[in-house]
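Can you keep this structure in mind? I'll have questions shortly.
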Amino acid sequence: MARRRQIYEGKAKVLFEGPEPGTIVQYFKDDATAFNAEKTGTITGKGVLNNRITEYVFTKLADLGIPTHFIRRLNMREQLCRQCEIVPLEVVVRNIATGSLVKRLGIEDGTRLPRSIVEYYYKDDALGDPLVSEEHVTAFGWANPMELEEMTGMALRINDFLSGLFAAIGIQLVDFKLEFGRVYDQDQMRLVLADEFSPDNCRLWDAETGEKMDKDRFRQDLGGVGEAYQEVARRLGIEPEGDGPGDHKGPDTVQ
């Protein structure tokens, strides 16, 4: 079968034209980047694991009533999604102080925050995805006040649910990044959760040992990155199948 037209290629995924109008195919790569792509590498099998973990999490969130762009997984590296207009914001929820929050505010790394904090970052690689306020978001029209309120509410609901889900398997959900998109049905716009949820865009620590189980292992040269992703999948009950870690392949054709 002929490969479908490529729409966009990012750091960790490639988007292809979908088989039906209003759909796209999201292909997960093994590429790894950090520090705004200043550090690059390959984690064999990462795309397979991130595809499966995203499928698992987005399906659970849909059952909770969170609208998402996810339709179904097509194969080990691709999933079919609703095409949407991405809101140019990264919505970050923090439960424990680490990373940039520690650097900005001088808080001791690992401090549990008095309550979950929601932050907004403007999606622009050239600018380094800067931290912005609600005033910036609404003044520049990246999202209107109602959209911002809806995204924040969904982010906190997602945090409550996933914190419990991960706690049940011995993992602390430290922080995570979400992206949202607009979809249009008969001239009606609604917001949906888009992109992915995987160890690439969240921080996960073992509840007993504090061991990092996410992309910080790549950022900080800790090693065992693929093994950490595999352990997250294992604890979630995701069994490897077919094109598993270590069997890197190119983009699959969409059937």
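Only the coordinates and a few stated rules stand behind these numbers; no lab work does. It should be emphasised that the depicted structure is a prediction, and the values quoted were computed from it without experimental measurement.
Relative to 2.2 N^0.38 Å, what does the C-alpha radius of gyration of segment 1-147 come to as a ratio? Two decimals please.
Working: Rg = 17.5 Å, N = 147, 2.2 N^0.38 = 14.7 Å.
That works out to 1.20 for segment 1-147.
Could you go through segment 63-78 in sequence order and give the Karplus-derived ³J(HN,Hα) for each residue, using 6.51 cos²θ - 1.76 cosθ + 1.60 with θ = phi - 60°, rounded to whole Hz, and x for Gly and Pro?
5, 6, x, 7, x, 10, 7, 6, 10, 6, 7, 8, 7, 5, 10, 10
GNM on the chain, C-alpha springs below 10 Å: top fluctuator among 145, 199, 88?
Judging by the Gaussian network model, the answer is 145.
Still on this structure, please answer the following. Taking segment 73-129 on its own, what percent of its Cα-Cα pair distances exceed 19 Å? Working shown, then result.
Working: 833 of 1596 pairs.
So the portion of pairs separated by more than 19 Å is 52 percent.
Considering every pair of different Cα atoms, what Kirkwood radius, in Å, is found for the chain?
Across the chain, the inverse of the average 1/r is 18.9 Å.
Is the C-alpha gyration tensor of segment 100-157 telling us rounded, prolate or oblate? Criteria: a/c under 1.5 is rounded; beyond that, a/b larger than b/c is prolate, otherwise oblate.
Verdict is oblate for segment 100-157.
Moving on. Regarding segment 87-206, what whole-number volume in Å³ per residue does the convex hull of its Cα atoms give?
Dividing the Cα hull volume of segment 87-206 by its residues yields 124 Å³.
In straight Cα distance, which lysines are under 18 Å from residue 60, not counting same-chain residues fewer than 8 positions off?
Cross-link targets: 177.
Ignoring everything except DSSP H segments at least 4 long, calculate the 222 nm mean residue ellipticity for the chain; use -39,500 (n - 2.57) per segment, divide by total residues, nearest 500.
My calculation for the chain gives -8500 deg cm²/dmol from helical runs alone.
Between residue 214 and residues 5 or more places away or on another chain, which pairs have amide H atoms under 5 Å apart, with H built 1.01 Å from N, and which residues are they?
204
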